[in-house]
Structures are given as C-alpha cells and as structure tokens.
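K.L.:
Can you read through this structure? Questions will come right after.
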Amino acid sequence: MITILRNNRKLLRKRNPFQRGFGFEKLRKEYRTYAQGKLDSRPLSKRERQAIREKIEAENRKDTIKMTLVAILILIALLGLGIRLYGTFQRNQEFIAQKELASKTEQYLFYINDGDKWLNQQHWHNAIFQYLLAKNIFPNEYDVNYRLIMAYGGKCKFEGSGCTDGSELLAKLRRQFPNSKDLQPLEEMFISKTP
C-alpha cells in the first residue's frame, strides 16, 4: 500500500510555491468531475489549442518572472548583508589594531620607566634587561635604543663589560639617525674601552 502511494506521489507534478490550491484536494475534485462523466471530450480546433498553448506559456512566463524577482531580491539582500558584515569586520579590525597598539604602548612605557629607575640606581643589568624588553616591542624606536646605549655605556664604563654590544648598537643607531647630535657624547664612553 505504501509503495503504491509513493509511486502515485512521484507521478504528481512538483509543487510551485507561488500557486495556491495545488494539492490533493484539487486533484480529488478533478477526479470526481471526470468520474461523474462531465469530461468534455470533443476534439479541439487549432484556434482553441493555440489559445490553450498561449495561456500555458503566459503562466510559465509569470512563474519565471516571479522566481527571477524573488532570486534578485534574495541576491540584493545577501549582497547588502555581505557589505554590512564586511564594513563591521573592517571596523572591528581597526578597533583591535588600536587596542593592540595602546596595549603595546603601555607595556613599552612601563619597560622604559622601569629601565630608567634601574639606570638611575646604576643597576646596569636590570636596566639593559628592561630596555631590551621595550626594544622587542618597538625595535626601531630612537628613545629605547638611546637609553639602551646609555645602559651599555654605564656598564662598559664602570664594569668593563658590554662595550662591544654598546658600540655595535651605537653604530647601528648612527646609521639610522645620522643627524642626531645626542649620540656624540655616548661615543666617548666606548672609545677608550673598545678593543
């Protein structure tokens, strides 16, 4: 019984979402009409067949237009949603980049301030360590490189070590900033100690 119903359902035409009244109720009414003998079985003329053909083609055109309009509306909605999501994504990326920069700047300033405290107390190792941490955040920043050279210079002057690291960093900074006059006094710290 189930196979018969399934096979009968497969014989039916696919449902069109825009037509109302399509279903078993309509088919049952048509079947009753045919079963009661009300079937008009006279042969159709060419004109009547042409009219029926034109009517069917007009209905097919209407269905095609409806489906095209719905597809265009859905496409426009999806395109608008995509543009909006892309804009939101871009704003979020900019916001995240600003937050990261603020966080890095805060860490950088902390390491610089802590290194300055250690430098004032003449704890060269700690100052160098803090300045190196700050340099990892912003490697090309002039201030951190200058302070790091000062720490290496103090270590070279008072402990006699770190002179080569300091002089290499000074030469690198001199190449980056050739017009800086602040670097001249630092060169004197390394001239006498460099082998």
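The values are calculated or read from the model by the stated rules, or taken from the named source; none is laboratory data. Since the structure is predicted, the reported quantities are computational estimates derived from the model, not experimental observations. As a convention, Cβ positions derive from the backbone with ideal geometry for all residues, glycine included, and neighbour counts pool all protein chains shown.
K.L.:
Would you please list the contacts, defined by Cβ atoms under 9 Å and residues six or more apart or on different chains, that run from a residue in the range 91-107 that is touching a residue at least 24 places away in the same chain (Cβ under 8 Å) and in a helix (DSSP H, G or I) to a residue that is among the aromatic types (Phe, Trp, Tyr) and surrounded by 10 or more Cβ atoms within 10 Å (Cβ to Cβ)?
P.N.:
Here the result reads Lys104/Phe138, each pair linking the range 91-107 to a residue that is among the aromatic types (Phe, Trp, Tyr) and surrounded by 10 or more Cβ atoms within 10 Å (Cβ to Cβ).
K.L.:
While we're looking at this one, here's another question. If the Cβ limit is 7 Å and pairs must be 6+ apart or interchain, which residue in the range 60-81 that is of a type in the set (Gly, Ala, Ser) pairs with which residue that is at pLDDT 95 or above?
P.N.:
Once the first residue is of a type in the set (Gly, Ala, Ser) and sits in the range 60-81, no partner that is at pLDDT 95 or above comes close enough.
K.L.:
Just name the residue that is surrounded by the most Cβ atoms within 10 Å (Cβ to Cβ) out of those in the range 101-158 that are under 30 Å from the mean Cα position of the chain (by Cα) and closer than 19 Å to Lys172 by Cβ.
P.N.:
It comes out as Ala134.
K.L.:
Considering only residues that are in contact with a Lys or Arg (Cβ under 9 Å, 6 or more places away or on another chain) and within 18 Å of Gly115 (Cα to Cα), which ones fall in the range 166-183?
P.N.:
Gly166
K.L.:
Another question, if that's okay. Just name the residue that is farthest from Gln107 (Cα to Cα) out of those in the range 139-176 that are part of a loop (DSSP other than H, G, I, E, B) and in contact (Cβ under 8 Å) with a residue 12 or more places away in the chain.
P.N.:
It comes out as Gly160.
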